[in-house]
1. Output the helices (runs of 4 or more DSSP H) that fall wholly within the range 180-292 and possess 2 or more residues being among the charged types (D, E, K, R), out of contact with any Phe, Trp or Tyr (no Cβ under 9 Å at 6 or more places or on another chain) and surrounded by 22 or more Cβ atoms within 10 Å (Cβ to Cβ), or say none.
2. Out of Ala76, Ala35, Ala50, Ala84, report the one residue that is within 21 Å of Ala294 (Cβ to Cβ), among the small types (Gly, Ala, Ser) and outside the structural domain of Gly130 (by TED's automatic domain parsing).
3. State all residues of the range 101-139 that are surrounded by fewer than 24 Cβ atoms within 10 Å (Cβ to Cβ) and part of a loop (DSSP other than H, G, I, E, B); if no residue qualifies, say none.
4. Could you figure out which of (1) modelled with pLDDT of 90 or more; (2) surrounded by 19 or more Cβ atoms within 10 Å (Cβ to Cβ) isn't true of Arg306?
5. Testing Leu29 on (1) crowded, with 22+ Cβ neighbours inside 10 Å; (2) outside any loop (DSSP other than H, G, I, E, B); (3) at pLDDT below 85; (4) not aromatic (Phe, Trp, Tyr), one condition comes back false. Which one is that?
6. Any residue in the range 157-177 that's at positive phi: show its pairings with residues that are modelled with pLDDT under 90 at Cβ separation under 9 Å, as long as the two are six or more apart or on different chains.
Amino acid sequence: MTAVVAVDLGKTGCRAALCNGSDGPPRQLHEVPGAPGLAADGGVAAARAAVLPLLERERPARPAAVCAGAAGAAAAPRAASALACLLLEELPTDEVAVTGDAVTAHAGALGGRTGVERAIGAGSVAVGIGDDGSYARVDGWGPWFGDEGGGARIGAAGLRAPDGRDPDTRLLAAAVERFGAQDRLPVAIGRDGTSARTAPSFAPDVARLAAAGDTAASAIIRDAATALAEAVLAAARRSGGEALSFAVTGGLTSLGEPLLGPLRSAPAGFPRPLRPRSPLGRPLDGARLLALDARAPHEPHVVRVRRAAPSATVPTSPVPPPAVA
């Protein structure tokens, strides 16, 4: 049975799993802090420093391949190639593949098949991969320029709403309960250096109030759901194929029907079949699939190096951006 190692290298955490082929549950090795992204200054060195100790702790039997989904590979395909070469030199394996963590998330959610994955966490991004290998990315630009419908945008909108212009909303009371006195809200929300890290924690409060009938909170959730649905349709339009599936992943799916309902109804009127489905797996599952199969439709977006090859093959198209938490 072929053993491979799957790696999910994000900006906040890095996880790895030893997988015995495509059957059986993967065995998670460890989890360590992540890296700032391959596009950042020193990104390759930081990624190497995160991945190597993670795998060296156990030194599993020589795996046939290692596949890492790494944040920041989109903007730096040559950095992805450099990381792949470094890992091949230092790990007991014959093959290393590096791609964006959005690609491994897509492969995991859709079982290595084509379609659209809509990831919603603190941020949000839609990734489509078509039958012809076409790649589409919609949003994922961060809370200041995009991430429409993500937790940071929902939380920030909820925190802006209770300033006295809508006396009927309970958003202010919820914000004070979570963060403290009203006049201290800006300090409390920015305590981590940026509100983009704290604001997402308020998104569940906004959703709870929306479910209870709060009109201001309901409008925020409705706008977020509309933005999420529009991104799915935009990614589907740019992905080749007669029919596509789409899956919604990420922590914000826990907000439930007010946010997810419009996503399920988004395909109505779309000119091609667009079928919602439950996610089949997570990013580590996607990394395992890509480690085992170089014929998946994701392959044009993967850097893959082998010991027999003199140099890395860099993707002909940009490697996609990181997935949201």
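The values are calculated or read from the model by the stated rules, or taken from the named source; none is laboratory data. Since this is a predicted model, take the numbers as computed values, not measurements. Reconstructed Cβ throughout: ideal geometry from the backbone, glycine too, with neighbour counts over all protein chains shown.
1. Values: elements: 185-189, 195-198, 203-211, 215-237, 257-265, 283-292.
Where helices (runs of 4 or more DSSP H) fall fully within the range 180-292 and carry at least 2 residues being among the charged types (D, E, K, R), out of contact with any Phe, Trp or Tyr (no Cβ under 9 Å at 6 or more places or on another chain) and surrounded by 22 or more Cβ atoms within 10 Å (Cβ to Cβ), they are 283-292.
2. Details: Ala76 fails: within 21 Å of Ala294 (Cβ to Cβ); Ala35 fails: within 21 Å of Ala294 (Cβ to Cβ); Ala50 fails: within 21 Å of Ala294 (Cβ to Cβ).
Matching residue, one of Ala76, Ala35, Ala50, Ala84: Ala84.
3. Matches in the range 101-139: Gly111, Gly112, Arg113, Thr114, Gly121, Gly130, Asp131, Asp132, Gly133, Ser134.
4. Result: Arg306 passes all but (2).
5. Unmet for Leu29, out of (1) crowded, with 22+ Cβ neighbours inside 10 Å; (2) outside any loop (DSSP other than H, G, I, E, B); (3) at pLDDT below 85; (4) not aromatic (Phe, Trp, Tyr): (1).
6. Qualifying pairs under 9 Å: Gly164/Leu172.
For (1) of a type in the set (A, V, I, L, M, F, W, C); (2) at pLDDT below 90; (3) under 19 Å from Arg137 (Cβ atoms), each residue gets a yes or a no:
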| site | (1), (2), (3) |
| --- | --- |
| Pro33 | no, yes, no |
| Gly37 | no, yes, yes |
| Gly42 | no, no, no |
| Leu52 | yes, yes, no |
| Leu55 | yes, yes, no |
| Pro60 | no, yes, no |
| Gly72 | no, yes, yes |
| Ala79 | yes, no, yes |
| Cys85 | yes, no, no |
